[in-house]
Structures are given as C-alpha cells and as structure tokens.
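The values are calculated or read from the model by the stated rules, or taken from the named source; none is laboratory data. None of the values given here were measured: they were computed from a predicted structure. Here the Cβ is made from the backbone with ideal geometry for all residues, glycine too, and neighbour counts use every protein chain on show. SASA here: full protein model, heavy atoms, side chains in, ligands and nucleic acids out. Shrake-Rupley method; radii C 1.70, N 1.55, O 1.52, S 1.80 Å.
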Amino acid sequence: MLDIKKIRRDPDFFKQKLGTRGIKPEEIDEVLALDAKRRDLLQKAENLKAKRNAASKKIGEAKRNGQSADDAIAEMRKVGEEINKLDEETEENDKVFEDKMLRLPNVPRDGVPVGPDDSYNREEYKVGKIPEYDFEPLNHWDVGENLGILDFDRARKVSGARFVYYLGLGAQLERAVYNFMLDEHMKEGYTEVLPPYIVNAASMYGTGQFPKFKKGVYQVNGEDMTLIPTAEVPLTNYYRGDIIPEKKLPVYVTALTPCFRSEAGAAGRDTRGLIRMHQFNKVEMVKYVKPETSWDELEKLTKDGEEILQKLGLSYHVITLSTGDASFTSAETHDIEVWFPAQHKYREISSCSNCLDFQARRMHTTYRDENGKLQYVHTLNGSGLAVGRCVAAILENYQNADGSVTIPDVLVPYMHGIKKITKENAVPMNKQTKD
C-alpha cells in the first residue's frame, strides 16, 4: 500500500508514475477526495465530541446546583445522534477509501522501462552458450511422454487440463531439482521453512494478491481460506503485525511448496507441457531488509536464482520488466528466462522483485531503528526456481538423439548416481502402464 501522506504532498508525481502502470489520473483524484472527506468527517466528529463534553459539564453543574438539566440533556442526546451519523458515514467512506488504496500498484523505480506490456522489457545480459544439436530437438512434453516419465493424459482424466503425473525417474528428477535448490539457498544464508499451503484473506491482502487478483486463485468454499498461489504469501506474512528486532535484519527465508493457480485468462496459452500448470512446485526466496540495503539485496537475490541455472549448465538471460509487465507489488522486477531449444526462445523461470515498503505497509511489519523509531521493513521475493519449468528446461536442453536425457552433473548425487534417463530405466512400472 502507498503512503497517503506522500500522495497528498505530490499528487502529480503519483499520477505520472502510476500512469505508466495503467492508473488514470482521476483514480488518484478519487483517492484524494475520499481522504479529504475522511479528515473533514473526523474533524466534525471531534468538534461535536467537544460540544458533547461541554454539555456533559453543564449537566453536572446544573445537578450540583439543584437546577434542571433537561435542556442540556436534550442537547447532548442530539449531539450524540449527530456523532453516530458521522461515525457511520466515516466508516462507509473508509471502506471505499481503503478499497481504492489497495488497488493502487507500487510506484516503479526510476529507470524501469516504461511500456504497457512485455514487448517493452529490457534485456540486461545473457549467460551461457545456446546449445546446438545435430538433430531436431523435441519439446519437453514429447521427451517426457516418450520416456514415460510425464503423463498428461491420465492427469487430465483424474483432474483436468493443466495437470500432470510425474512417474519413475521423472518424479525423482523433480525431487532432485528442488532438493538441490534448497541446499544451494541454505549455503547462501537462507533459513528453510515449511509453511502452510492454505492462508486466510488477511495474508492475501498483505502481499497484494487481494483484492485485485481474486479470480486467479483457488478459494475454499464457504471459508476465508485460499490455496497459496506462491510461497511468497505465507513466507512474507510470517512477520505480519510484528516489530522485527533490528539485530535480526536482514532475514532470508526459502521454502519449497506446491502452488495453485486457476490461470484465469490463460486460455490458449501454453496448453501443453509444464510451463503453465494449475498445480506446480516452486522454491521461493523471501527477504526482510532495512530500506537502505534493499536495492543491493535485489541484485543479490537475482544472483542467487542465476547461480542455480549456472550450476545446472543452462543458458539464460536476465531482463528488467516494463512498468506494464511488472507485478502489482513490485517497484522493480528482474526476470530470469531460461533457454528452450525446441521453442527457440527464452522462457521465464524466476521473477525477482523489490517491493520496498509496499507490502510492509499492508502487513504493518516494522522494525525499530537506532533512534528507537518504528520504520517499515522492505520486502523482496524471487523464485529460486520454478521447479517444473526447470525440469522442462533440463528435458529439452539435455536431450539426446536416441530420446534419452543426460542428468546435469550437480544432480547426479540427488539421483542416486543415475546419469541418464532412458526408456529402459525411466519407469519400473512401464509394463503395467502400457497395458
């Protein structure tokens, strides 16, 4: 959430900056009008309360002097009714004000590319050599299905579109990938967390998924509970409403969780494969830091994600997202996109964002500085990485002409020494599944 005091002081700045994120000037004017009305209502209520206090004193004096207090009592009742009306009006005004404030995105950092969509994203650098093949590489879903380690058909029968069964060495590869990621992040000082997978609405509001993105999640019918779309939600909300001791900062946490997304509006996009699923595993990185360090922490967060790909030997590039493509809560986002040879392009595998104090204001997460003053922490989050997409990249980049897949060296210990997935060793139950 943005600071209304700052919007009051410089509305034109917010109109210009948020205009690059699709917010119309009149939306800022509406917020300011509601804010002004709120302050006017509160002032009127304070004046009436002072008047009621004065009437109460008159009643006391009249009673002490044996005089009639009927007029003063009538006046106090009338004032009380007016105060109640003002309180009701203030409450209704506050609801509208808060809703509109919650729908304003974060202010983009100066230098972030300005544009309405991903065509305005800026490439920062490439890492790794694009692999070459003496055969036509297959899409990862074809590689997985040919080996019998991915089964989309049975998942469709059991659950519907955008689900998958991992089988045999496919399941083991997924497990190897996320265990490797967690181990690497812990080496960098992250504390591993196993968080809840279902959260309440306050948590979804805290990290900015609600109210704008309610259609993109799965909610528990009849309950104030939501299946997490990302571990960012339970990890970032861990300190919601808390004052974090200054000596604890920075705090780094990481978690593997399943993520659940309805993919509303994704009809026709990535209908095959592991790229856009309703349920997928992701390793998340979250940081709570002091404001003066948050931009350096964003660069480090991005590097933490990059190192996973470097050790896996996968080619990628890093881009900075445009104002129209960055996430709602982000002031700046670096996307890491890994190379997919069959698609001849890079695909997103991680988004690393600095949210500044935007989420902390919504969650009331603070720390006490050296002067004893409460300050909002800055929060950052990044995928470290999307596990299914990483498996997909491995299947495509490490495929061989005979249909087998070579295991990246760093994953061999996690695969119990298996160096290659072949039709012969891929799935012990293959005979049964083919019947």
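Restricting to the stretch 391-435, and then to whatever is over 14 Å from residue 176 (Cβ atoms), of a type in the set (A, V, I, L, M, F, W, C) and assigned to a loop (DSSP other than H, G, I, E, B), can you tell me which residue is modelled with the lowest pLDDT? So the residue we want is 429. The residues on offer are 189, 160, and the sole one that is in contact (Cβ under 8 Å) with a residue 60 or more places away in the chain and open to solvent by less than 30 Å² (accessible area, probe 1.4 Å) is 160. Counting only strands (runs of 3 or more DSSP E) that fall entirely inside the stretch 224-310 and contain at least 2 residues that are over 15 Å from the mean Cα position of the chain (by Cα) and at pLDDT 95 or above, the qualifying elements are 251-260, 279-289. Residue 138 meets each of the listed conditions (1) within 30 Å of residue 330 (Cα to Cα); (2) in a loop (DSSP other than H, G, I, E, B); (3) touching a Leu at 6+ places or on another chain (Cβ under 9 Å) apart from (1). Filtering the stretch 63-112 to residues that are open to solvent by 90 Å² or more (accessible area, probe 1.4 Å) and part of a loop (DSSP other than H, G, I, E, B) leaves 65, 67, 68, 103, 110. Out of 384, 388, one residue alone is touching a Ser or Thr at 6+ places or on another chain (Cβ under 7 Å), within 22 Å of residue 180 (Cβ to Cβ) and touching a residue at least 60 places away in the same chain (Cβ under 8 Å). It is 384. When the residues of the stretch 194-218 are filtered to those that are touching a helix residue (DSSP H, G or I) at 6+ places or on another chain (Cβ under 8 Å), in contact (Cβ under 8 Å) with a residue 40 or more places away in the chain and part of a helix (DSSP H, G or I), the one that is most open to solvent (accessible area, probe 1.4 Å) is 205. Scan the stretch 196-242 for residues that are among the charged types (D, E, K, R) and in contact with a Pro (Cβ under 8 Å, 6 or more places away or on another chain) and the total you get is 0. Going by what's in this entry, would residue 180 be described as within 30 Å of residue 424 (Cα to Cα) and not in a helix (DSSP H, G or I)? Against the criterion (within 30 Å of residue 424 (Cα to Cα) and not in a helix (DSSP H, G or I)), residue 180 does not qualify.
Just wondering, is there one or more residues in the stretch 337-345 that are assigned to a strand (DSSP E or B), buried (at least 24 other Cβ atoms within 10 Å of the Cβ) and without any contact (Cβ under 8 Å) to a residue 60 or more places away in the chain? Within the stretch 337-345, one or more residues are assigned to a strand (DSSP E or B), buried (at least 24 other Cβ atoms within 10 Å of the Cβ) and without any contact (Cβ under 8 Å) to a residue 60 or more places away in the chain.
Checked against the criterion of being over 27 Å from the mean Cα position of the chain (by Cα), aliphatic (A, V, I, L, M) and within 28 Å of residue 218 (Cα to Cα), the stretch 160-172 contains one or more residues that satisfy it.
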